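For reference, the structure is listed below as structure tokens.
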Amino acid sequence: MSRTFSAQFLKLLPSVHELSEASEIKEAEKRNKLPLKYTRKLIRDKVELFRAQIISGVTTAESKEEMFNLVLQAVLPEMEAVRYRLKPVVNATGTVLHTNLGRARLSREAARHVSEAALSYSSLEYDISTGKRGSRMSLLEELLTEVTGTEAAVVVNNNAAAVYFVLTALAKNKEVIVSRGELVEIGGSFRVSSIMEESGARLVETGTTNKTRTADYINALTDETSMAMKVHTSNFAIVGFTESVNSSQLRHELNTHGREDVIVYDDLGSGSLYPFSSENIGDEPVVGKVVENGADLVSFSGDKLLGGPQAGIIAGKKELIDKLKKHQLARVLRLDKLTIAALEATLFEYLYGENPKQALPAVRDITKTQAQVREWTEECTASVSLNQIILTPEPSFSKVGGGTMPLAELPTYGLSVEKEGLRAADIEKFMRSRNKPVVGRILAGRFYMDMRTVEQEDWAAAAEALKELDVL
Ligand SMILES: *Cc1c(COP(=O)(O)O)cnc(C)c1O
């Protein structure tokens, strides 16, 4: 295509201003409550796209009107899409703590408390009883010590930060003993050995991949040892011929060898506050138990099994927590008020809520029985009438997710979705491209929606998408 040829079409392109004045655009703008600046951005992006297409010879038009309509018809659907990039999606994967989909959902009360803290001034660093400056760090401490049974606690941005913080503040330039079976990488970005290196603590490996005994820790002790660290292997499990040492054995053995000075630190990863194992789900100990058994310090995430916001909770001996609080990093890694509000309401639920298992979506979803999910699946199937799509209720297994309880298989129920002429991948793509995307999985060659993680309003959106697909 010659330069002059494309130049002639380029002249037909409407201006951003012309388009933004079009009545269809004005109506869509009003309906979706879009700011003018944002509409202009959408239009500009499309005009640029058409410019590129004209230059590469993909698009031609006979007249100004025709070109105007081409661009207009491309902009309008964009205006109907939710304007934010962070969109609510329907999690029909059944994986409860799906890291890519935001891990734990907050409870209604936690969301309400967040919104209250966002819209109003608050007592973030103000002591109401004295009228003087207060400390944001102390807001959560009482709830945390109560719920974990520890002397003291401090919270930072996430558990990766918590691990880095503990190692930097308490083991810099000193030796930290870790079992070779626990030198794990979690979620492709958190590698214990790398964090250790960054922190300036010196890693001393002990034992083997499958077996580490108390004697291995004792043999690795030197004058430079400041800590024996346990790391939850989270997203992988060694099965078969294995042996490991828990923090209680470790504390006991260190004391026997006169090494009360060596800190026993347990990075629990998930840190559950709900006894899932009593319902035959995994074998995760509750945090309080680990502390009671002898760990001096534990750390865990706020948005895994706990079911709260992203956060890294560090709990344990007061003397150690006090050192952390005084460290410069405490300021670097400090929580914002919205997270504090969300975590406060979540912890409150565990301590004083009537039914934390029902109130906290993550705990609720993990503990749903197959019979409950089946009943819900059948209710949903009966509520929608489709012509060409075939919905088949079917059993399957869900995962806990978030690198938590990798071996736990939660018996579940869901819907296989089929339509003649469409492949599972086509259906998957269609469902994912809705205004409220529906993310499912492919099961035995069919698109499958695990209903464990699909709630009432999610189903409304999913049913809408299915109806659209039905008439396609
Ligand atoms: C998940 C996990 C982390 C990282 O926690 P984030 O809250 O995701 O930063 C660290 N250690 C262990 C053992 C984990 O399972």
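Below is a table of values for the structure above.
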| quantity | calculated |
| --- | --- |
| Qualifying helices (runs of 4 or more DSSP H) (wholly inside segment 1-92; at least 2 residues being among the charged types (D, E, K, R)) | 23-31, 36-55, 64-80 |
| Which numbered condition ASP261 fails, given (1) more than 27 Å from the chain's Cα centre (by Cα); (2) open to solvent by less than 50 Å² (accessible area, probe 1.4 Å) | (2) |
| Qualifying residues in segment 168-182 (those that are closer than 21 Å to ARG251 by Cβ and out of contact with any strand residue (DSSP E or B) (no Cβ under 7 Å at 6 or more places or on another chain)) - the one most open to solvent (accessible area, probe 1.4 Å) | ALA169 |
| Counted residues, segment 172-211 - those being away from the ligand (no atom under 16 Å from the Cβ) and not charged (D, E, K, R) | 9 |
| Qualifying residue in segment 133-148 (condition: part of a helix (DSSP H, G or I), at pLDDT 95 or above and open to solvent by 60 Å² or more (accessible area, probe 1.4 Å)) | yes |
| Per-region count, segment 270-289, residues within 14 Å of the ligand (Cβ to nearest atom) and of a type in the set (A, V, I, L, M) | 1 |
| Residue within segment 247-269 that is within 13 Å of the ligand (Cβ to nearest atom), at pLDDT below 95 and over 22 Å from GLY149 (Cα atoms) present | no |
| Residue ranges of strands (runs of 3 or more DSSP E) in segment 343-456 with at least 3 members touching a helix residue (DSSP H, G or I) at 6+ places or on another chain (Cβ under 6 Å) | 389-398, 410-419 |
| Residue check for THR233: in contact (Cβ under 8 Å) with a residue 40 or more places away in the chain, within 16 Å of the ligand (Cβ to nearest atom) and closer than 19 Å to LEU297 by Cβ | yes |
| Inter-residue pairs, beta-carbon under 6 Å, first within 11 Å of the ligand (Cβ to nearest atom) and hydroxyl-bearing (Ser, Thr, Tyr) and in segment 291-309, second modelled with pLDDT of 95 or more and open to solvent by 10 Å² or more (accessible area, probe 1.4 Å), 6+ apart | SER299/ASN159; SER301/ASN159 |
| Test: residue in segment 103-118 that is exposed (fewer than 13 other Cβ atoms within 10 Å of the Cβ) and either outside any helix (DSSP H, G or I) or within 16 Å of the ligand (Cβ to nearest atom) (or both) | no |
| Candidates THR214, THR222, THR206 - the one that is open to solvent by less than 30 Å² (accessible area, probe 1.4 Å), of a type in the set (Ser, Thr, Tyr) and not assigned by TED's automatic domain parsing to the domain that holds PRO406 | THR206 |
| Residue count for segment 264-280, restricted to those that are surrounded by fewer than 16 Cβ atoms within 10 Å (Cβ to Cβ) and of a type outside the set (Ser, Thr, Tyr) | 3 |
| Residue check for ALA201: small (Gly, Ala, Ser), touching a residue at least 24 places away in the same chain (Cβ under 8 Å), crowded, with 18+ Cβ neighbours inside 10 Å and in contact with a helix residue (DSSP H, G or I) (Cβ under 9 Å, 6 or more places away or on another chain) | yes |
| Pair list, Cβ under 6 Å, 6 or more apart: segment 209-220 residue modelled with pLDDT under 95, other residue crowded, with 17+ Cβ neighbours inside 10 Å and not in a loop (DSSP other than H, G, I, E, B) | THR209/GLY181; THR212/SER179; THR212/GLY181; THR214/GLU253 |
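The values are calculated or read from the model by the stated rules, or taken from the named source; none is laboratory data. Computed from a predicted model, the values in this text were never measured in an experiment. So basically every Cβ, Gly included, is an ideal-geometry build from the backbone, and we count neighbours across all protein chains shown. For the accessible areas, the whole protein counts, side chains as well, though only heavy atoms, and no ligand, DNA or RNA atoms are used. Shrake-Rupley method; radii C 1.70, N 1.55, O 1.52, S 1.80 Å.
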